[in-house]
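The values are calculated or read from the model by the stated rules, or taken from the named source; none is laboratory data. None of these values were measured; they are calculated from a predicted model. Note that we place each Cβ from the backbone using ideal geometry, even for glycine, and neighbour counts take in every protein chain shown. With ligands, DNA and RNA removed, areas are computed over all heavy atoms of the protein, side chains included. Shrake-Rupley method; radii C 1.70, N 1.55, O 1.52, S 1.80 Å.
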Number of protein chains: 2
Amino acid sequence: MQTLNVNLGDRSYPIHIGSGILARTGELLNQVGLSGKVAIVTNPTVAQFYLEPIQAALSKAGFTAVPILLPDGEAHKNSISLQMIYDRLIAERFERKSSILALGGGVVGDLAGFAAATYLRGVPYVQVPTTLLAHVDSSVGGKTGVNHADGKNLIGAFYQPKLVLIDIAVLKTLPRRELIAGLAEVIKYGVIEDTALFGLLEQQIDKLVQLDSDLLSQTIATSCAIKAKVVEADEREDDYRAVLNFGHTIGHALEAVTGYTELLHGEAVGVGMVKAAALSMRQGFCDQISFDRIVRLIGKAGLPTEIPGKVSLASLIQAMEVDKKAAGGKIKFVMCEGIGKTRFHHLAPSEILAALSA
Amino acid sequence: MQTLNVNLGDRSYPIHIGSGILARTGELLNQVGLSGKVAIVTNPTVAQFYLEPIQAALSKAGFTAVPILLPDGEAHKNSISLQMIYDRLIAERFERKSSILALGGGVVGDLAGFAAATYLRGVPYVQVPTTLLAHVDSSVGGKTGVNHADGKNLIGAFYQPKLVLIDIAVLKTLPRRELIAGLAEVIKYGVIEDTALFGLLEQQIDKLVQLDSDLLSQTIATSCAIKAKVVEADEREDDYRAVLNFGHTIGHALEAVTGYTELLHGEAVGVGMVKAAALSMRQGFCDQISFDRIVRLIGKAGLPTEIPGKVSLASLIQAMEVDKKAAGGKIKFVMCEGIGKTRFHHLAPSEILAALSA
């Protein structure tokens, strides 16, 4: 088991990464001072594999585990699911020292985290992510929230977990399509921050899809370390943390206009990164060779690289303007300067439209 | 105008207290770095007096003010009102640098503050309290939230405002009953922390009811300073901040069992303080003379001192157990040790019942 730390003063926490460490959940929760009642927020898809083992691990360490099963999928990351969690916590008399454990992907993590942020004005919570995307992205950094009918993540809070427990063994039950979608975020860390990671992925991304344990541990740890570093520098995304949105501005818009059903988040980010790299090149920040490498790696991972034909550019632009990263009319983009380096650049909707139409 | 500071590192903020300072709202918001769009969350009762003046003050300083009127009353401090605020903020394209101004009493302040805590994972907000209760209590300290069908303030966040603007001139439009209810919290500060304040109130509480400007400014500033000191020591109520709950454990229960319609919060706290003082005496923490002074001052303020006859003690105890301050089966009480000093003491429901029945 490897352990990284996210250093945020009194909100600091460890990230444990290893194979088979789910069995140690109870003991690892005890180590960060948790005890008593713990709600396991999950969904039926994940529960069939991991609810029993995690309940056993928690019971062994003296916890009273209360499973809360939510319907699966991004469509349920809303105030109705949130209300279901609150109702159960109240019915089970959860107190300020009780805790919440998110067992699942990003939807479960965001929902459970936001419930923890707002139940009794905040109770401790733990992330036990079960998708590659959640391993390297959503489980670290304390972004929690729910979607609103008018947009993704419009309601939420910055609220850090007490612990993140990444068991790479769970990836063996993850559908291949979701595994590949998770690779989009790993590639993103390479593009924005780490040429060595990018080079490693160019050589060996096939082995990640084949679930090579050592390589998975290494790339997940590297990804989490980059995310932790960014979050430590700018926890509440006043500025720099937005670097993590590379590929996400267009990616989020693409998810929105396709109703969150057609593309997985990582797939949308795959396309978004290609388009962000294209914008970067057009604006003179990125060279052709780096652009080609980015497009090639995203394609090699098995991710889409083009906006689906039926999506109009006008609708994409409109969705970006609603997105919360809009400020003062212009849209803040993360541009890549080759590989491993970025800069922010504000673009008017008309400039984006022109670039995407080219 | 007097100014106090709540010192909480990067979450520090000023409290301005004065008469007629509503007219300076825009300028004072500018001083803490706010500009652009500002949503004025209020209700029709308050709006009839103060919405226009505050809109004028904001426009003069270059703000775009967006009024959001919510139905008046504690019954509307719920997720429906919260959703109304979110919907308006989204419709008006509020961004991360836009802000929210709470113009009203505790209900408006808690709702607007929680909306600010959770819209786009947190936008800046300002408290402009219009009741005495909100002046001395709810507007300071960052407790925000909404009620749940099963209990008060079960959903919320600790989220500090950027500024608190207390214009004592607004008290002239406050119904006398609400003014008196607000005195309960002022008396509380005397009991828990300040014998001089308590003595002053014993001498001159009549002048407060008659809205003596100097005395109001002085007692409001003293109250806010005590609250600020407590919040600085324990922002998230891990322990010490609970001292502010003197009289509130029984008070909250009393509000709950009477359906939040019969007693104002301050009135329930008046009764709660008398009963907490009685419990303190019974447990040997408070002497008879101090107890008598507390009961006398609460009565002199015009606040109720007895549990309404129709309320059963059993239902009160049950409500206390649901209340979020319950921990490990016993209920945490703030006991007074005479006047100006307190201690925590955990009591089993049976002990409380025995004491209240005596």
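Which of the aspartates and glutamates could be linked to A:LYS162 by a straight reach, that is with a Cα gap under 14 Å, when you skip same-chain ones fewer than 8 residues away?
Answer for A:LYS162, where 14 Å is the Cα cut-off: A:ASP10, A:GLU27, listed by chain and number.
Using a 1.4 angstrom probe, figure out how much accessible area the protein assembly as shown has per residue, in square angstrom, rounded to the nearest whole.
Using a 1.4 Å probe on heavy atoms only, each residue of the protein assembly as shown averages 36 Å².
Once you sort the root eigenvalues of the Cα gyration tensor of the range A:203-256 as a ≥ b ≥ c, which label holds: rounded (a/c under 1.5), prolate (a/b larger than b/c) or oblate (the other case)?
Verdict is oblate for the range A:203-256.
Taking chain A as a Gaussian network, Cα atoms linked when under 10 Å apart, which of A:ALA47, A:ALA149, A:ALA184 shows the biggest mean-square fluctuation?
Top of the fluctuation ranking is A:ALA149.
How big is the range A:176-357 on each of its three principal axes, counting only the C-alpha atoms and giving the largest first in Å?
Sorted from largest, the Cα extents of the range A:176-357 read 45, 36, 31 Å.
Roughly speaking, what is the stretch gain from B:PHE49 to B:GLU321, that is 0.36 nm per residue apart minus the C-alpha to C-alpha distance, in nm to one decimal?
Computed gain between B:PHE49 and B:GLU321 is 93.9 nm.
Report the calculated FRET efficiency for A:GLN83 and A:GLU202 (r = Cβ-Cβ distance, R0 = 41 Å), to the nearest 0.05.
0.35
Looking at the range B:176-357, how many pairs of lysines come closer than 22 Å at the Cα, when each pair is eight or more places apart or spans two chains?
28
Please compute the Kirkwood hydrodynamic radius of chain B from all pairs of different C-alpha atoms, in Å with one decimal.
Taking every pair of different Cα atoms in chain B, averaging 1/r and inverting gives 20.5 Å.
With both partners inside chain A, how many of the DSSP beta bridges are antiparallel, as a percent to the nearest 5?
45 percent
Under a Cβ-Cβ cut-off of 14 Å, what is the net charge of the residues other than B:THR195 that fall near it, where Lys and Arg count +1 and Asp and Glu count -1?
Net charge in that neighbourhood comes out at -2.
Under 5 Å between amide hydrogens, which residues at least 5 positions from A:VAL66 or on another chain qualify, with H placed 1.01 Å from N in the peptide plane?
Close amide H contacts, sequence-distant or interchain: A:VAL38, A:ALA39, A:ILE40.
Could you give me the ³J(HN,Hα) list for the range B:291-304, computed from phi with Karplus coefficients 6.51, -1.76, 1.60 and θ = phi - 60°, whole Hz, x at Gly and Pro?
4, 4, 4, 4, 4, 5, 5, 4, x, 5, 5, x, 8, x
Using a ≥ b ≥ c from the Cα gyration tensor of the range B:238-336 (square roots of the eigenvalues), is it rounded, prolate or oblate, where a/c under 1.5 gives rounded and otherwise the larger of a/b and b/c decides, a/b for prolate?
Because a/c hits 1.5 or more and a/b fails to exceed b/c, the range B:238-336 counts as oblate.
So what's the gap between the Cα centers of the range A:41-94 and the range B:1-63, to the nearest angstrom?
Distance between centres, Cα-based: 42 Å.
Would you look at the GNM of chain B, springs on alpha carbons closer than 10 Å, and say which of B:GLY338, B:GLY113, B:GLY182 moves the most?
Its mean-square fluctuation being the largest, the pick is B:GLY338.
How many nanometers, to one decimal and shortest first, lie between the label point of B:PRO67 and those of its other copies, if labels sit 7 Å from Cα toward Cβ?
Nearest to farthest, the other copies are at 5.3 nm.
Full extension from B:GLN210 to B:LYS330: what is 0.36 nm times the residue separation minus their Cα-Cα distance, to one decimal in nm?
Separation in residues times 0.36 nm, less the Cα-Cα distance, equals 39.0 nm.
If you find the alpha carbon centre of the range B:251-279 and of the range A:241-319, how far apart are they in angstrom?
57 Å
Where nothing but the Cβ of Lys and Arg (+1) and of Asp and Glu (-1) is charged, how large is the charge dipole of the range A:2-173 around its Cα centre, in debye to the nearest 20?
360 debye
State the answer as a single residue: which of A:GLN288, A:VAL274, A:ALA169 lies farthest towards the positive end of the charge dipole of chain A, with beta carbon charges of +1 for Lys and Arg and -1 for Asp and Glu, about the Cα centre.
A:ALA169
What distance in nm separates the two pseudo spin-label positions at A:ALA56 and A:ASP234, each 7 Å out from Cα along the beta-carbon direction?
For the pair A:ALA56/A:ASP234, the computed spacing is 4.5 nm.
For label points placed 7 Å from Cα toward Cβ, what is the shortest-first list of nm distances from A:ASP234 to its copies?
Ordered by increasing distance: 3.7 nm.
Evaluate E = 1/(1 + (r/R0)^6) for A:THR261 and B:THR258, where r is the Cβ-Cβ distance and R0 equals 56 Å; express this FRET efficiency to the nearest 0.05.
Calculated value: 0.70.
So what is the calculated 222 nm ellipticity per residue for the protein assembly as shown, using -39500 (n - 2.57) for each DSSP H run with n of 4 or more, over all residues, to the nearest 500 deg cm²/dmol?
-14500 deg cm²/dmol
Once you sort the root eigenvalues of the Cα gyration tensor of the range A:29-148 as a ≥ b ≥ c, which label holds: rounded (a/c under 1.5), prolate (a/b larger than b/c) or oblate (the other case)?
rounded
Would you rank B:ASP238, A:ASP292 by solvent-accessible area, highest first, keeping every protein chain in place and using a 1.4 Å probe?
Highest to lowest solvent-accessible surface, that is B:ASP238, A:ASP292.
If you count the DSSP beta bridges with both ends in the protein assembly as shown, what percent of them are antiparallel, to the nearest 5?
Bridges in the protein assembly as shown that DSSP calls antiparallel: roughly 50 percent.
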